[in-house]
Amino acid sequence: MAQVTPMRTAAETQLLDLFPAVKARLPGAAEPRQQAYDAFAKAGLPHRRVEAWKYTDLRASLREAAPLADAPSAAVLGEVRTKAAPFAGLGPALAIVDGMFEPSLSDLHGMPAGVQAVGLAGALGTGHALAAQVGQAAQADDAVLALNAALMTDGVILRVAAGTQLERPLVVRFVRTGSQARAAFTRVLLVVEEGASLTLAETHEGPAGVGHQDNTVVEVITGDKATVQHVRLNADGGGAVDLSTLGVKLGADCAFTSFALVTAPALTRHQIFVTFAGENSRVSLNGGALLKGRQHADTTLVVNHAVPHCESRELYKHVLDGEATGVFQGKIIVEPHAQKTDGQMMSQAVLLGDNATMNNKPELEIFADDVVCAHGATCGQLDDDLLFYLRARGLPKPDAEALMLQAFVGEALEKVEDESIRDVLEGVVEAWLRARL
Amino acid sequence: MPAVQETVEQVRSIDVDQYKYGFITDIEVDKAPKGLNEDIVRFISARKGDPEWMTEWRLDAFRRWLTMQEPTWARVEYPPIDFQDLYYYAAPKKKAGPQSLDEVDPAILETYKKLGIPLREQEILAGVQTSKVAVDAVFDSVSVVTTFKEELKKAGVIFCSISEAIREHPDLVRQYLGSVVPVTDNFYATLNSAVFTDGSFVYVPPGVRCPMELSTYFRINEKNTGQFERTLIIADKGSYVSYLEGCTAPQRDENQLHAAVVELIALDDAEIKYSTVQNWYPGDSEGKGGVYNFVTKRGDCRGKNAKISWTQVETGSAITWKYPSCILRGDGSRGEFYSIAVSNGYQQVDSGTKMIHLGKNTTSRIISKGISAGFSQNTYRGLVSAHRKASGARNFTNCDSLLIGDKCGAHTVPYIESKNASAIFEHEATTSKISEDQLFYCQQRGLSEEEATALIVNGFVKDVLQQLPMEFAVEAQKLISISLEGSVG
């Protein structure tokens, strides 16, 4: 196909101008930043001709690139302090407000033994030992990831020492404020050493109806025998453009579970890249998206079985009302010699609105023969017979629908092992369903 | 299992090179000069005796083609093709055109005998009425002979070569040619539109059930030639036709190019069943030579309750790039795709289907079985989509891959797009190898490893084989076993 180099859009030009303008202020990593910027300059914003972005044409939907958010003022921080966070009280929390790590809003002193937390900007600026691992887990030829690598302003690096077993989840809050659309590029790196175990919960909070633009990267690098649970809750007020990347690199004998719930933003793209670096590890990626109006949510994941004897499971549920669009693209790669791989992927969607759209693209790319891989994808309406059954027992139609949808999403929600967090997520799902009644 | 036993015997009788259609027929040919330009297009058009509008149609396509680029999205790799280094027209030299089989070059008839085509149709002489198949045989660039024409004519069915149809039935051809696969559809379809030399044309009038299976055998014989055939099948209201297609080519070290276009049109309540056994030369065990098979096949269910069913057995070709598709335009229409793609050696297959649901209550079914062995790469690439107005659309897709050996690859790339809430789509895919338990079970009962593998593979593809017409099912089963020969152990 002809390599078409289209005209630069306004948003592309703004993003390209942004980097030279703020370059001097960005902390550390000057060379990787420049390289990432060059990569972005070459590729431009992803569009439907880029296979991985086939169903999310960012070039068309991102009209304007918002300017970088200013560091929050004391008044703003005071306001944030008074707001209730979704996972408040469940565990020690760290806050990143408008692209800046805020120690004053973080429980830095309440960190459990064995957990080290440092600001990303500081670490990059001073050449902290952990900073060398930034960018190790999230490696992909992707323009959005490159933008983050070039423009990340701040974030957190967490290190969980070998053998540490955390009872309570670690919470990272990404908070956005202000009524003007602003962009934030942030990154979290979680280094889990051998035998450690924890739950990391991230929340994305923001004001209603503001078109903030977020580009977040979370990287997880584990040693052997580590257990990590990851939860991502998108609970901003709606209207935002939320681009996020989760990069995971697992050692041997590890278990990694992730669950992402999307209800709020106007446009989300959550991309996950998992690489197995050691044998006998297990990965379970799950998610739910409840969308209405003209919301668009895209989950794209690539699970790379580079070594033998690993297992991956994916389960994604979409509920699409109104004119919403759901996208699921999942790719399981089994490299040569990655024998005894076991990969199962499932994506299911319920279309409630007549004008809703679901695009599924579950892929298998297999170069080894002794494997068991499968994927399934379904989309359709709620089963009339089941609805009738419930209505015959006296439930009004909306309640019957809500009950069925709750069960539908619940199947994926069950993968969240931490009860306190699962309760909160169930609450978000219920609230969304109640709002439909 | 007599069939399996037969398969095994067949495998034994095959020589090392495995491909039994690799012989070359030595006949005089009439060739166009090498290369492609407007003059060559005019030359082909003149040789085919095209009317003026057809020549213009070809030239238009050729000019479009010059502005197009080869597609690169498929998972196949091959050195760049020099389109100027090919012969675009090669025809067996003839004096006045054969009026009967007796006038056909005996060397060609010998070829067809070797291919096992019952060209002489001895059944007629013997008065046997069962299992009759009308054959249109295409040799390099031209249709050599079409059998059973008279009998078909009685039923009102037109079955002839496309070049004859352009001359004899210009209205039908003009109305439908390029209406399913537009001239500008893709690089290879456009090339085909410019230089297509022959192919089959079928028209089944309203309410007629075609009295016999129609069949075409394609053969590339000449060195360095491309074969560009074009098939157009129209099933008018309430009619039914079953069409079979078989392909072979001689064993050559150079790669040969085959870029065909097949268009099917089914009007109200009509049904077309299209079966292919594709056995182009796949190249030798080192991956040298073989046919590049870049084919555009598409069916259009234009009327209400129309049905188009594709069944394909793909065992040949060095590279296959082929997506027989159905456009389900008429309300209540149905599309089916049954496929077995077997790859061995260094073959690369990128094949699948598209089911495009446009009308209400349209249904489709996809069953794809991929078997990869040796160093081959086998990809299923498919699209199922429901448009806004396709209420009640229903699709079921099942694509399974079987891997034999650890040097091959099996890939699945489905696209499932639903824009209608009442559409119900189900997709499932699995990839695995032949289970050790099954092999052990069979071997324990006295089957050799190869026999056991053949048995299990035949079971794996059973769902698709059942869809083939009888004559082809047996042949296909043998072919699969032959293709996989040498892949075990």
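Here are some notes:
- The lone exception for residue A:265 - which of (1) out of contact with any Ser or Thr (no Cβ under 6 Å at 6 or more places or on another chain); (2) open to solvent by less than 10 Å² (accessible area, probe 1.4 Å); (3) part of a strand (DSSP E or B) it fails: (3)
- Number of positions in region B:352-376 that are part of a strand (DSSP E or B) and either closer than 23 Å to residue B:458 by Cβ or within 17 Å of the chain's Cα centre (by Cα) (or both): 10
- Evaluation of residue A:337 against the conditions (1) within 10 Å of chain B (Cβ to nearest Cβ); (2) within 19 Å of residue B:426 (Cα to Cα) shows that the sole unmet condition is (2).
- Any hit, region A:371-393, residues being facing another protein chain (nearest Cβ under 10 Å), open to solvent by less than 10 Å² (accessible area, probe 1.4 Å), touching a Gly at 6+ places or on another chain (Cβ under 6 Å) and assigned to a strand (DSSP E or B): yes
- Members of region B:405-447 found to be more than 7 Å from every other protein chain (Cβ to nearest Cβ), without any contact (Cβ under 8 Å) to a residue 12 or more places away in the chain and more than 16 Å from residue A:369 (Cα to Cα), listed by number: B:440, B:441, B:443, B:444, B:445, B:446, B:447
- Positions within region B:205-232 being of a type in the set (Lys, Arg) and either at pLDDT 70 or above or in contact with a helix residue (DSSP H, G or I) (Cβ under 8 Å, 6 or more places away or on another chain) (or both), in sequence order: B:209, B:219, B:230
- Within region A:342-361, residues that are free of Cβ contacts under 8 Å to residues at least 24 places away in the same chain have Cβ atoms under 6 Å from residues that are among the β-branched types (Val, Ile, Thr) and surrounded by 24 or more Cβ atoms within 10 Å (Cβ to Cβ) in no pair, counting only partners at least 6 apart in sequence or on another chain.
- Exclusive hit being surrounded by 12 or more Cβ atoms within 10 Å (Cβ to Cβ), closer than 26 Å to residue A:356 by Cβ and out of contact with any strand residue (DSSP E or B) (no Cβ under 7 Å at 6 or more places or on another chain), set A:45, A:15, A:26: A:45
- Verdict on residue B:457 being open to solvent by less than 40 Å² (accessible area, probe 1.4 Å), over 26 Å from residue B:212 (Cβ atoms) and away from chain A (no Cβ under 13 Å): yes
- Scanning region A:306-316 for residues that are crowded, with 24+ Cβ neighbours inside 10 Å, within 30 Å of residue A:57 (Cβ to Cβ) and not small (Gly, Ala, Ser) yields A:314, A:316.
- The residues listed here are A:284, A:312, A:347; of these, the one that is within 13 Å of another protein chain (Cβ to nearest Cβ) and within 20 Å of the chain's Cα centre (by Cα) is A:347.
- Some residue of region B:314-328 being open to solvent by 20 Å² or more (accessible area, probe 1.4 Å) and of a type in the set (Gly, Ala, Ser): no
- Of all residues in region A:179-197, those being closer than 21 Å to residue A:264 by Cβ and surrounded by 21 or more Cβ atoms within 10 Å (Cβ to Cβ) number 5.
- Residues that are part of a strand (DSSP E or B) and touching a Lys or Arg at 6+ places or on another chain (Cβ under 9 Å) are absent from region B:443-461 altogether.
- Hey, residue B:463 surrounded by fewer than 20 Cβ atoms within 10 Å (Cβ to Cβ) and in contact (Cβ under 8 Å) with a residue 12 or more places away in the chain or not: yes
- On the stretch given as region A:107-158, residues that are part of a loop (DSSP other than H, G, I, E, B), surrounded by fewer than 22 Cβ atoms within 10 Å (Cβ to Cβ) and of a type in the set (S, T, N, Q) total 2.
- Residues located in region A:72-106, provided they are open to solvent by 30 Å² or more (accessible area, probe 1.4 Å) and touching a Gly at 6+ places or on another chain (Cβ under 8 Å): A:76, A:103
- The numbered conditions (1) more than 9 Å from chain A (Cβ to nearest Cβ); (2) within 29 Å of residue B:346 (Cα to Cα); (3) buried (at least 18 other Cβ atoms within 10 Å of the Cβ); (4) under 26 Å from the mean Cα position of the chain (by Cα) are all true for residue B:397 except (1).
- The single residue among B:55, B:72 that is more than 14 Å from chain A (Cβ to nearest Cβ) and either farther than 30 Å from residue B:379 by Cα or among the hydroxyl-bearing types (Ser, Thr, Tyr) (or both) turns out to be B:55.
- Whenever a residue of region A:86-114 is farther than 13 Å from residue A:173 by Cα, its partners that are open to solvent by less than 60 Å² (accessible area, probe 1.4 Å) and not hydrophobic (A, V, I, L, M, F, W, C), lying with C-beta atoms within less than 8 angstrom and at least six residues away or across chains, give the pairs A:110/A:92; A:111/A:92; A:112/A:92; A:112/A:164; A:113/A:164; A:114/A:163; A:114/A:164.
- Checking residue A:403 against (1) closer than 27 Å to residue A:340 by Cβ; (2) open to solvent by 60 Å² or more (accessible area, probe 1.4 Å), the condition it does not meet: (1)
- Of the residues making up region A:281-301, those that are surrounded by fewer than 20 Cβ atoms within 10 Å (Cβ to Cβ) and either over 24 Å from residue A:339 (Cα atoms) or out of contact with any Ser or Thr (no Cβ under 9 Å at 6 or more places or on another chain) (or both) are A:292, A:293, A:294.
Condition check ((1) in contact with a Pro (Cβ under 7 Å, 6 or more places away or on another chain); (2) under 24 Å from residue A:303 (Cα atoms); (3) among the aliphatic types (A, V, I, L, M); (4) open to solvent by less than 10 Å² (accessible area, probe 1.4 Å)) across all residues:
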site: A:177; (1), (2), (3), (4): yes, no, no, no
site: A:199; (1), (2), (3), (4): yes, yes, no, no
site: A:211; (1), (2), (3), (4): no, no, no, no
site: A:226; (1), (2), (3), (4): no, yes, yes, yes
site: A:253; (1), (2), (3), (4): no, yes, no, no
site: A:259; (1), (2), (3), (4): no, yes, no, yes
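The values are calculated or read from the model by the stated rules, or taken from the named source; none is laboratory data. Bear in mind that the values here come from a model prediction, so they are computed numbers and not experimental data. Note that each Cβ is placed from the backbone with ideal geometry, even for glycine, and that neighbours are counted across all protein chains shown. Each accessible area value is taken on the protein alone, full model and side chains, heavy atoms only, with ligands, DNA and RNA left out. Shrake-Rupley method; radii C 1.70, N 1.55, O 1.52, S 1.80 Å.
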